[in-house]
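Below is one structure; the comments refer to it alone.
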Amino acid sequence: MTLEVVIRDVKFPNPVLAASGTFGFGWEFLAVANRLGGVVTKGLTIAPRAGNPPPRIVETASGVVNSVGLENPGVEVFKREILPRLQRVKCPVIVNLAAGKEEEFCELTETLEQTPVAGLELNLSCPNVKEGGVVFGQDALQVEKITRAVRKRTGKLLIVKLTANFVDPADTAKAAEAAGADAVSLINTLFALVLDQEGKPLLGGRTGGLSGPAIKPFALFCVERVARAVKIPVIGMGGIKTGQDAFEFICAGAHLIQVGTANLVKPDGALEVVKELRRMARTRGWQSWDDIRGKAGEGRFS
Amino acid sequence: MINWSMGQVVEVARVGAEIYSVWISERKISRKVKPGQFIGVKVPERDDLLLRRPFSVADVKGGKMRIVFRVVGAGTAKLAHSKKGDRWDIIGPLGKPAPLVQNKSVVVCGGGVGAAPLFYLTRVLKEKNRVVAVLGARRAAELVMVSEFRQLGVKVYLTTEDGSKGIRGLVTEALEPVIKVMEKPVVYACGPEGMLKALCPLSRKAKVWAFFEERMGCGTGVCYGCALPKKDGGYLRLCQDGPVVSLDEVVL
Ligand SMILES: Cc1cc2nc3c(=O)[nH]c(=O)nc-3n(C[C@H](O)[C@H](O)[C@H](O)COP(=O)(O)OP(=O)(O)OC[C@H]3O[C@@H](n4cnc5c(N)ncnc54)[C@H](O)[C@@H]3O)c2cc1C
Ligand SMILES: Cc1cc2nc3c(=O)[nH]c(=O)nc-3n(C[C@H](O)[C@H](O)[C@H](O)COP(=O)(O)O)c2cc1C
Ligand code: FES
């Protein structure tokens, strides 16, 4: 079967994307990027951001807690220096946007409208910035307002990235859908605190976000819940490392999936997922993704 | 270009108190890796230990590379129990090669297991420079690769904090008189953060290149996890801009 997934007018050659913040800006491992379904860039802000003080990343049981704090060179440098490099990426490139105010999201959107990027992912769920970030994502009204404002300014594929921290993502997903989002993606990292031997916060940003296999069952729960609540496509992520993991997210209702932390372990972490999914599709004789998508509720099948 | 491939453990040896040396046979990376660069090792059979452990390369020889590490946690403990023939999933070379000088008076200054990455560097630097080594540790059992340094034919000064070998005191104290008699010395230092901090005043008199450590996510530049504060604001990405960095460039 063809692995292709089409959302709006964007053709993803396969359903596996590299998640924001775990694959640089997408051009660093070109040979890998060119065989993925798509890549989502590191979160981009209007002004350059230095990020949080170190340590920024720490391993926990089957997971990783990070407080990178959206270090990025800002949208001008992105357009001037990074975008030309992204021309060489063959799969769709989605730019992940972060901002502390609605107007900033709008400005970023307008700045990118004439560029060849395939779509935008609004990060309404970053736990590592004080202003905006996750706060927007916890409030369905804010999600609706920001999504609507951005929607007015872009004809590109618009994805809203949701948080599952202290909010029912089914509510915020419905808000994004009502405001014209083409898809929602979830989950972003979960709130986390790591203390050292003296009981002091280990991370420079004090708190951080948990990702990796440790969050997979919760992510899967959230993705299924949201997929049942909205009609727009759902992009699932959280701890995906194998083809089987990706298969489970598709069964839970995801159209696309993203691989994050697994890219840190291996530059081609997401590619392994593609290969395994392709093998599963062949050996299990699926005709199309519809054969499995959202079928988790229907008991046993292969 | 970064490679990722399987290497085979060819020799594991305990070389000090809780310090192990492992030779890994792997052609692609060991042919390319330069002094100062490091590799990322996935701890075998421990999927719960998610991230790779970064280790500087201590030496290379004909399709093999050596790492020397201290057991500090679950990952290094597991690696120390490796057996000849075990297969390790590694990526590398990571980071930038250390800058190499020519026709200089060079001092390599290692604290504890920090001597190991300096060994490969010394072997290369000694071809075109006059090199002496100042190696220190808390106690004699934590001094590593001393005889190997001597076999290279470089003069070695030893210090221990408890006086169990060499001069009693800190490696940084032993370094000062050595440098004083040199003209335009260049120092390469690798050791715990406290040692690097103690070297900061010296970086006004001599060029000091220091090997830094920071917790890493990817080691390949894509996660922005390995930040080291710069003097002029912002951060270095240690796995891209380092791990060997001019000491006067950063804030300790
Ligand atoms: C560029 C670089 C080169 C290094 N070279 C050497 C070497 O040659 N010999 C040696 O003994 N050690 C070296 N280290 C330190 C070594 O990576 C850590 O001691 C090791 O990762 C600890 O793993 P663990 O599972 O035993 O400890 P744990 O504490 O259980 O590890 C938990 C997590 O913290 C990270 N971590 C813990 N301590 C450090 C540290 N000091 N620096 C970076 N990450 C850390 C681990 O990688 C892991 O992700 C180097 C570190 C860096 C960044
Ligand atoms: C180091 C790191 C940096 C991240 N940076 C961003 C970011 O800039 N924007 C964003 O929307 N998500 C970011 N994320 C979240 C991931 O995109 C993803 O939602 C999350 O890690 C869950 O997936 P995983 O378990 O596969 O990693 C980051 C995650 C990690 C580990
Ligand atoms: S460890 Fe990921 S960028 Fe350096």
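Tabulated data for the structure shown
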read-out	value
Per-selection Kirkwood Rh - segment A:222-302 (Cα, Å, 1 d.p.)	12.9 Å
Estimated FRET transfer efficiency when R0 is 56 angstrom, pair B:Lys230-A:Phe221 (beta carbons, to 0.05)	0.85
Nearest-20 debye value, segment B:81-198 charge dipole, Cβ charges on Lys, Arg, Asp, Glu	320 debye
Fraction of alpha-carbon pairs over 26 Å apart in chain A - percent	39 percent
Listed residues B:Thr172, A:Val6, B:Ser105: farthest to the positive end of the dipole of the protein assembly as shown (Cβ charges)	B:Ser105
Inter-probe distance in nm under a simple model that places probes 7 Å from Cα toward Cβ, at A:Lys90 and B:Ala13	4.8 nm
Under Karplus coefficients 6.51, -1.76 and 1.60, residue-wise ³J(HN,Hα) of segment A:93-109 in Hz, glycine/proline x	10, 9, 9, 8, 10, 10, 7, x, 9, 4, 4, 5, 4, 5, 4, 4, 4
Gaussian network model of chain A, springs between alpha carbon atoms under 10 Å - residue of A:Glu272, A:Glu248, A:Glu198 with greatest fluctuation	A:Glu198
Rg ratio (alpha-carbon, reference 2.2 N^0.38 Å) - segment A:161-302	1.14
Positive-end residue, segment A:117-190 charge dipole about Cα centroid, Cβ charges, pick of A:Val117, A:Ala175, A:Ile187	A:Val117
Taking the convex hull of Cα positions in chain B, its mean projected area over all directions (nm²)	12.8 nm²
Size of charge dipole - the protein assembly as shown - debye, nearest 20, with Cβ of Lys, Arg +1 and Asp, Glu -1, no other charges	1880 debye
Sorted peptide list for B:27-33, A:68-74, criterion being average Cβ within 10 angstrom, highest first	A:68-74, B:27-33
Using alpha-carbon coordinates, inclination of helix B:115-125 to the longest axis of chain B, degrees	70 degrees
Karplus 3J(HN,Hα) series, Hz, for segment B:83-89 with 6.51 cos²θ - 1.76 cosθ + 1.60 (x for Gly, Pro)	10, 3, x, 4, 9, 10, 8
Per residue Cα convex hull volume in Å³ - calculated over segment A:1-134	130 Å³
Those aspartates and glutamates that a straight Cα-Cα span of less than 14 Å connects to B:Lys28, excepting residues fewer than 8 apart in one chain	B:Asp89
Cα-centre dipole for chain B with unit charges at Cβ (Lys and Arg positive, Asp and Glu negative), debye to 20	720 debye
Amide H contacts under 5 Å for B:Gly217, placed H, 5+ residues apart	B:Gly225, B:Cys226
Those residues of segment A:41-59 whose amide nitrogen sits under 12 Å from the label point placed on A:Thr111, 7 Å along Cα→Cβ	A:44-49
P(r), alpha carbons of segment B:1-102 - 10 Å bins starting at zero, rounded %	16, 52, 28, 4, 0
Cross-link pairs A:Lys200/A:Lys266; A:Lys241/A:Lys266; A:Lys216/A:Lys241 - those with Cα-Cα distance over 19 Å	A:Lys200/A:Lys266
Vicinal HN-Hα couplings computed from phi for segment B:19-33 (Karplus, 6.51 cos²θ - 1.76 cosθ + 1.60; Hz; Gly/Pro x)	10, 10, 10, 10, 9, 10, 8, 7, 6, 4, 6, 5, 6, 9, 5
For the protein assembly as shown, with +1 on Lys and Arg beta carbons and -1 on Asp and Glu, the positive-most of A:Val77, B:Leu158, B:Gly194 along the dipole	B:Leu158
Neighbour-count ranking [beta-carbon atoms within 10 angstrom, fewest first] of A:Arg225, B:Arg53	A:Arg225, B:Arg53
In range of the label at B:Gln151: residues from segment B:88-113 whose backbone nitrogen is under 15 Å from the point 7 Å along Cα→Cβ	none
Ranking of B:Met182, A:Met1 by count of other Cβ atoms within 10 Å, fewest first	A:Met1, B:Met182
All aspartates and glutamates inside 13 Å of B:Lys64 as judged from Cα atoms, apart from same-chain residues fewer than 8 positions distant	B:Glu11, B:Glu26
Cα pair count fraction exceeding 39 Å, expressed as % - the protein assembly as shown	31 percent
Translational diffusion coefficient (Stokes-Einstein; Kirkwood radius from C-alpha pairs) of segment B:65-181 at 10 °C, 1.306 mPa s, in µm²/s	101 µm²/s
Kirkwood-type radius of segment A:143-223, with distances r between different C-alpha atoms, in Å	14.4 Å
Those aspartates and glutamates that a straight Cα-Cα span of less than 16 Å connects to B:Lys231, excepting residues fewer than 8 apart in one chain	B:Asp241, B:Asp248, B:Glu249
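Here, each number is a calculation from the coordinates, and none is a lab measurement. Worth saying up front: this structure is predicted, and the values here are computed from it rather than measured. With ideal geometry, Cβ positions are generated from the backbone for all residues, glycine too; neighbour counts draw on all protein chains shown.
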